[in-house]
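Worksheet: one structure, shown below.
Nothing in this text is a laboratory measurement; each read-out follows from the coordinates by a stated rule. Every value quoted in this text rests on a predicted model; they were computed, and no experiment measured them.
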Amino acid sequence: MLQFLAAITGDESFLSFPIVATPNFPRQRDGSACGVFACVTLLHLLRDAKIHFTQESIPRWRIPSWRRRSRRASSRPSLRV
């Protein structure tokens, strides 16, 4: 991934980014949630929130935006800091 980013941006500083394996990080266990995992992880990181979601919570993140507006905020996943 870092080589890809360096190639498409022309910025070789990506090659020096550290890659850290985190044993307690949420793991995708199916073949269809990779995009949701990436987006939810990025959302947590951008908000400096504790990363606490699991494979089982992914369907709650897939609620279409038109339905989300009509639901109560308490039914949506929360980002706990």
message: What are the ³J(HN,Hα) couplings of the stretch 33-48, residue after residue, when phi is run through the Karplus curve with 6.51, -1.76, 1.60 and θ = phi - 60°? Round to Hz, x for glycine and proline.
response: 10, 4, x, 5, 4, 4, 5, 5, 4, 4, 4, 4, 5, 5, 8, 6
task: Can you quote the Å³ per residue value for the convex hull of the Cα atoms in the stretch 1-57, rounded to an integer?
output: 116 Å³
